[in-house]
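Since the structure comes first, as C-alpha cells, the remarks are kept for the end.
Coordinate-derived values only; no laboratory data. Remember, predicted model here, so these are calculated numbers, not experimental data. Note that we place each Cβ from the backbone using ideal geometry, even for glycine, and neighbour counts take in every protein chain shown.
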Amino acid sequence: MSGSTNLITLENIVRIYQMGDEPLYALKHLTLSIDQGEYVAIMGTSGSGKSTLMNIVGCLDRPTSGNYVLNGRDVLSLDDDELAGLRNTTIGFVFQQFNLLSSMSAMENVMLPLTYAGVKREQRLLRAEHVLNQVGLGGRMHHRPNQLSGGQQQRVSIARALANNPRLLLADEPTGALDSHTAQEIMALFNELVDKGITVVLVTHDQDTANHARRIVRMRDGEIISDEPS
C-alpha cells in the first residue's frame, strides 16, 4: 500500500518439528511482508502451514531459523517476558471458538486484558464501553455470553481483542462457528476496522471468507504459492 509503513517482515522463516527421528518442515524458507493497514487472508488446506505461520506472526511460537521484525522490533531477540509484552500491546487475537468466560458480562470479558495490563478501573470501563460500541454491542454490555447470539459473542471477542488498542488483529477461522449471514456481518466489521487503520490478518480455508480481504496469500506444504490482491 502506498504511503504505508511496514508492520510485519518475515524473512527466510523455517519451522521444523521433530516427529521421532524425522524432521517435519512446517514452514520452508518463507518470506512475507505486510504493511500497516492491510487486510490479508492466509489460505490453505489443513497441513499447509497457515496455522504455524499465524502462531509465529502472533509471537506464540518461534521459528527454527529466519528473521522476524514486528512493528520495528526484532522478535527473535526478545525473551519470553518481552514477547508477552509485545503481544499484549501490539496484537489482538480472535478465534473460531469465542473463549468468553460464561460467568462474566460482555463488559467484564472485554475488560480482562486491560486488567492484566494494569489499567485503572475507570479507564478499563471507558475503554470497554468504547470498543463494545465500536463493534455494535452498546446495548448488550451487561449481557452474559449465554444471553447473546453466536455473532454477538464473536463481536465481544473482537472487542476484547481491540481493548489494548492493538496495531494488528489476528483472526483464526473467525467465522467458522457462524452461519453465513452472521459471518458476512463479522467480515464487514473487519473491513470497518481496516478502514480505521488496524491491520487484519485472518487464517481461513474458506474462499468466501477470504474474498472479503484485500490481499490473499495461498499456502501449500509450508510455502507461499501465490500472493495477490483479492
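Residue by residue through the stretch 133-138, which ³J(HN,Hα) values in whole Hz follow from phi under the Karplus form 6.51 cos²θ - 1.76 cosθ + 1.60 (θ = phi - 60°), with glycine and proline marked x?
5, 4, 9, x, 10, x
So which aspartates and glutamates can LYS120 reach, going by Cα to Cα under 17 Å and dropping same-chain residues fewer than 8 places off?
Partners found: GLU108, GLU129.
Using a cut-off of 27 Å between alpha-carbon atoms, which lysines can reach LYS50, once sequence neighbours fewer than 8 places away in the same chain are excluded?
Leaving aside lysines fewer than 8 places away in the same chain, those within reach of LYS50 are LYS28, LYS196.
Could you give me the ³J(HN,Hα) list for the stretch 49-57, computed from phi with Karplus coefficients 6.51, -1.76, 1.60 and θ = phi - 60°, whole Hz, x at Gly and Pro?
Working through the residues one at a time gives x, 5, 6, 4, 4, 4, 5, 6, 4 Hz.
Report the residue, chosen from THR175, THR199, THR31, that carries the largest GNM mean-square fluctuation when the chain is represented by alpha-carbon nodes joined by springs under 10 Å.
In this elastic network of the chain, the residue with the biggest mean-square fluctuation among THR175, THR199, THR31 is THR31.
Per DSSP H run of at least 4 residues, take -39500 (n - 2.57); add these up for the chain, divide by its residues and hand me the 222 nm value, nearest 500 deg cm²/dmol. Can you show the working numbers first?
Numbers: 7 runs with 77 residues, N = 230.
Taking each H run of at least 4 residues, the total per residue is -10000 deg cm²/dmol.
Over the stretch 6-229, what is the percentage of antiparallel beta bridges among all DSSP beta bridges, to the nearest 5? Display every interim value, and only then the final one.
Working: 23 of 42 bridges.
In the stretch 6-229, approximately 55 percent of DSSP beta bridges are antiparallel ones.
Pick from GLU11, GLU108, GLU82 the residue whose mean-square fluctuation is largest in a GNM of the chain, springs joining Cα atoms under 10 Å.
Answer for the Gaussian network model of the chain: GLU82.
Rounded to whole Å, give me the distance from the Cα center of the stretch 3-58 to that of the stretch 161-230.
So the separation of the two Cα centres works out to 15 Å.
Charges at C-beta only: +1 for Lys and Arg, -1 for Asp and Glu. How large is the resulting dipole of the chain about its Cα centre, in Debye rounded to 20? List each step's numbers first, then the result.
Working: 20 positive and 26 negative charges, 145 e Å.
With Lys and Arg at +1 and Asp and Glu at -1, about 700 debye.
Each residue of the stretch 167-176 in order: what ³J(HN,Hα) in whole Hz does its phi give by Karplus 6.51 cos²θ - 1.76 cosθ + 1.60, θ = phi - 60°, with x for Gly and Pro?
Once θ is set to phi - 60°, the couplings for the stretch 167-176 become 8, 10, 10, 9, 10, 9, 6, x, 10, x Hz.
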